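Engineer: Can you read through this structure? Questions will come right after.
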Amino acid sequence: MKRQSWLGPNVRAVPVALVAPALVFAAGAALAVVAHLWVGRAWLIGLGWGIAAWGVVSAMVLTYWLTRPRLAYQDGELLVNLRFGAPLRVPVEIVECFFLGRAQSRMTPSQSTSPQTAALVVRLAESATAYHRAKVTRFLGTWQDGYITILGTWCEPLGGELLGRLNERLVRAHREQRSTIDKEAP
C-alpha cells in the first residue's frame, strides 16, 4: 500500500532552519577564498571548503528531515516522524483518537520561559504498554504515558478541520483493519 501523509510538516519553518547552515557555508567559502588569495596554504583552503561542504550537507539533511510528514499511514501502521532516522511505527489498531492540546514550545532552553504552542495529541490504547514511551527529538514533541504530543511549531497549521480529517482517516483505517481480519478468519 502506498504511504499516505496524514499530518504534513511546517514548510514555513524550513527557510528559518536553513539560516545556520547557510552561514556555515558562507564562512567556510570565505575562509577558503581568503586563504587562497592571501595566505596560499593548501590546508587552510581545504579546511574552508570542508566547512562549506558541511554547511551544504547540513542544509540537505535539515531540508529532508523538516519536509517529511510528521504523521503518515502505511500498511496498517501510523508512521511517526519525531526524530532523525526511520519513523517510529505504531499499529493503527492501538491509536484511539487525535485531539488538540497545548504544550511548551521548547524553542528556548528553559521550560519556565518557553511559550505555549498548539499541539496535536495522539492517544494510544492504555493496554498497549509497549508503545507508551519512545525517544523522540525534544523540540518536535514528546511521547510518554500513551500520548504522542506533536508540537504545532513543526507541523502544518492545526485546527478543527485538520482534526476532523485525521479522526476520519483513523476510523477508515480501523475499518480496513477489521475487514482484513474478518477476511482472514476461518
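Each value in this text was obtained by applying a stated rule to the coordinates, not by laboratory testing. Keep in mind that this is a model prediction, so the values were computed, not measured. Quick reminder, even Gly has a Cβ in these numbers, built from the backbone with ideal geometry, and neighbours come from all protein chains shown.
Engineer: What are the pairs with Cβ atoms under 9 angstrom where one residue, in region 6-30, is in contact (Cβ under 8 Å) with a residue 60 or more places away in the chain and the other, located anywhere, is hydroxyl-bearing (Ser, Thr, Tyr) and in a helix (DSSP H, G or I)? Sequence gap at least six, or different chains.
Structural biologist: 10/153; 13/153
This table checks each residue for (1) closer than 23 Å to residue 84 by Cβ; (2) out of contact with any Cys (no Cβ under 9 Å at 6 or more places or on another chain).
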{"position": "123", "(1), (2)": "no, no"}
{"position": "128", "(1), (2)": "no, yes"}
{"position": "138", "(1), (2)": "yes, yes"}
{"position": "142", "(1), (2)": "yes, yes"}
{"position": "145", "(1), (2)": "no, yes"}
{"position": "152", "(1), (2)": "yes, yes"}
{"position": "157", "(1), (2)": "no, yes"}
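Engineer: Look through 82, 100 and report the one residue that is surrounded by 14 or more Cβ atoms within 10 Å (Cβ to Cβ), closer than 22 Å to residue 174 by Cβ and of a type in the set (A, V, I, L, M). Can you show your working first?
Structural biologist: Details: 82 fails: closer than 22 Å to residue 174 by Cβ.
Sole residue among the options that is surrounded by 14 or more Cβ atoms within 10 Å (Cβ to Cβ), closer than 22 Å to residue 174 by Cβ and of a type in the set (A, V, I, L, M): 100.
Engineer: Under 14 Å from the mean Cα position of the chain (by Cα), aliphatic (A, V, I, L, M) and buried (at least 18 other Cβ atoms within 10 Å of the Cβ) - does that describe any residue in region 151-168?
Structural biologist: yes
Engineer: Now for a separate question. State all residues of region 113-147 that are within 18 Å of the chain's Cα centre (by Cα), over 19 Å from residue 73 (Cβ atoms) and among the hydrophobic types (A, V, I, L, M, F, W, C); if no residue qualifies, say none.
Structural biologist: Answer for region 113-147, where residues must be within 18 Å of the chain's Cα centre (by Cα), over 19 Å from residue 73 (Cβ atoms) and among the hydrophobic types (A, V, I, L, M, F, W, C): 118, 119, 139.
Engineer: It is to be established whether one or more residues within region 65-74 are loosely packed, with under 14 Cβ neighbours inside 10 Å and without any contact (Cβ under 8 Å) to a residue 40 or more places away in the chain.
Structural biologist: Checked region 65-74: no residue is loosely packed, with under 14 Cβ neighbours inside 10 Å and without any contact (Cβ under 8 Å) to a residue 40 or more places away in the chain.
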